[in-house]
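Colleague: Next up is a structure, given as structure tokens.
The values are calculated or read from the model by the stated rules, or taken from the named source; none is laboratory data. Please read all numbers here as calculations on a predicted model, not as lab measurements. Cβ coordinates were reconstructed from backbone atoms using ideal geometry, including for glycine residues, and neighbour counts include every protein chain displayed. Accessible surface is based on the protein model in full, side chains and every heavy atom, while ligands, DNA and RNA are left aside. Shrake-Rupley method; radii C 1.70, N 1.55, O 1.52, S 1.80 Å.
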Amino acid sequence: PPSFPHSTASEMLRSLLVLAACAGAHAFAPASTLLPTSTSARSISLRPARLSSPLLGLRAQMKQGDVPDLSKEEKEKSKALADAWIKMDKAKECKTALKGSSVFLLGLPGQDLKGVGKMLAKRLEIYRFLDLTEVIAPVAQEPDLGHSSKELIAKIGEGDYREYETAILSQVQGMLRCVIATDSGVVLDNVNWGKLREGIVVYLQTDVEKLAGAQDAYSREELDAELERAGGKLLEADITMSVDPAAKLDETAMRVCEGILELIEKNPPKRASWQVEHDRRVKLQEEEEAEDASRKSKGFAPKPKAPKLDINTVVE
């Protein structure tokens, strides 16, 4: 490094120390000594300036009523999310209204009742799905034919098929929280029909011509014959709704939920009227007991009690 005279180096060092001392004193001086003394001076905020944020700008726009423009993709995502929440709430409401009752799905051969039933059970969460043909097949020693009632009936005969069906329905009718898909011929037996009425029966009515074109297992003539044979009885279901064979399974399942809610709203259970009165009287009795306990703690005599309500009493 270059050499400097001793006096010059000392003066440079002294100057640097003085500058550092002045800067430090200024940095740590009270705020009042840094502000202008004039009374007309504007106040100065010592807080750091708030950082601008896109979110704050969005909130300001929303407060002013100006909704920001969304892209087509963002609008589609928002709509899909809103639809999902609506479906979830509707399914939850349906599950509560059913109170454990099973749902039987009826339709013509070739309809995807299995797909609709699985989706409905999934929506209802605590429900499970049963396909009667899949249950009958292993019992009839034909486990490989559970996918088709037509093939199973051709193999074992319709008489045996209906006997197995009746026996299985006798066990299924007492089960709670089930969605059950059945063969359309189940309604021809009055005994089986009575067992179906233990739950809620839903007939998914469809256009025969569209159904014939949507699948290959059944011809138009076979579907017409089945509709003529069982169509009148199918229309006696608790709920009859027209569906498109090409509709999405989830859409059909949600329509079933809506139909169930509408049915229960128009036809409330007979138990509901007396249960409301029963609950009212029980609540009144509990309030009176709580008031007596409060009076007793304050040294007052309890009020004369009304006759005690029997919890098991059914109010007509």
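Colleague: Go through the stretch 87-96 and count every residue that is surrounded by fewer than 18 Cβ atoms within 10 Å (Cβ to Cβ) and of a type outside the set (S, T, N, Q). Let's see the steps before the verdict.
Modeller: So the first thing to find is which residues in the stretch 87-96 are surrounded by fewer than 18 Cβ atoms within 10 Å (Cβ to Cβ), and the list is 87-90, 92-93, 96.
Of the ones still in play, those that are also of a type outside the set (S, T, N, Q) are 87-90, 92-93.
Here the count works out to 6.
Colleague: When you check residue 170 against the structure, is it of a type in the set (Ser, Thr, Tyr), over 17 Å from residue 106 (Cβ atoms), open to solvent by 20 Å² or more (accessible area, probe 1.4 Å) and modelled with pLDDT under 90, yes or no? Spell out the reasoning first.
Modeller: Values: of a type in the set (Ser, Thr, Tyr): yes; over 17 Å from residue 106 (Cβ atoms): yes; open to solvent by 20 Å² or more (accessible area, probe 1.4 Å): yes; modelled with pLDDT under 90: yes.
Yes; evaluated as a whole, the condition is true for this residue.
Colleague: Being part of a loop (DSSP other than H, G, I, E, B) and of a type in the set (S, T, N, Q) is the filter here; which residues of the stretch 167-188 pass it? Show your work before the answer.
Modeller: Let us first name the residues in the stretch 167-188 that are part of a loop (DSSP other than H, G, I, E, B), namely 173-177, 182-183.
173, 182 - these are the residues of the stretch 167-188 that are part of a loop (DSSP other than H, G, I, E, B) and of a type in the set (S, T, N, Q).
Colleague: How many of the residues making up the stretch 190-205 are in contact with a helix residue (DSSP H, G or I) (Cβ under 8 Å, 6 or more places away or on another chain) and without any contact (Cβ under 8 Å) to a residue 40 or more places away in the chain? Working first, answer last.
Modeller: First, pick out the residues of the stretch 190-205 that are in contact with a helix residue (DSSP H, G or I) (Cβ under 8 Å, 6 or more places away or on another chain): 191-193, 195-196, 200, 202-205.
Then keep just the ones that are without any contact (Cβ under 8 Å) to a residue 40 or more places away in the chain; that gives 191-192, 195.
Adding up the residues that qualify gives 3.
Colleague: Can I ask one more? Those residues that are within 31 Å of the chain's Cα centre (by Cα) and either open to solvent by 10 Å² or more (accessible area, probe 1.4 Å) or over 25 Å from residue 265 (Cβ atoms) (or both), I need them from the stretch 200-209; list them, please. I'd like the intermediate steps shown before the answer.
Modeller: Just the residues of the stretch 200-209 that are within 31 Å of the chain's Cα centre (by Cα), to begin with: 200-207.
Across the stretch 200-209, the qualifying residues are 200, 205, 206, 207.
One line per residue, one yes/no per condition, for (1) surrounded by fewer than 18 Cβ atoms within 10 Å (Cβ to Cβ); (2) within 26 Å of the chain's Cα centre (by Cα); (3) closer than 22 Å to residue 244 by Cα; (4) modelled with pLDDT of 90 or more:
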residue: 122; (1), (2), (3), (4): yes, yes, yes, yes
residue: 138; (1), (2), (3), (4): yes, no, no, yes
residue: 159; (1), (2), (3), (4): yes, no, no, yes
residue: 221; (1), (2), (3), (4): yes, no, yes, yes
residue: 226; (1), (2), (3), (4): no, no, yes, yes
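Colleague: While we're here: Can you pull out every residue in the stretch 76-86 that is of a type in the set (A, V, I, L, M) and either under 28 Å from residue 199 (Cα atoms) or surrounded by 11 or more Cβ atoms within 10 Å (Cβ to Cβ) (or both)?
Modeller: Step one: filter the stretch 76-86 for residues of a type in the set (A, V, I, L, M), giving 80-82, 84, 86.
Hits for the stretch 76-86 are 84, 86.
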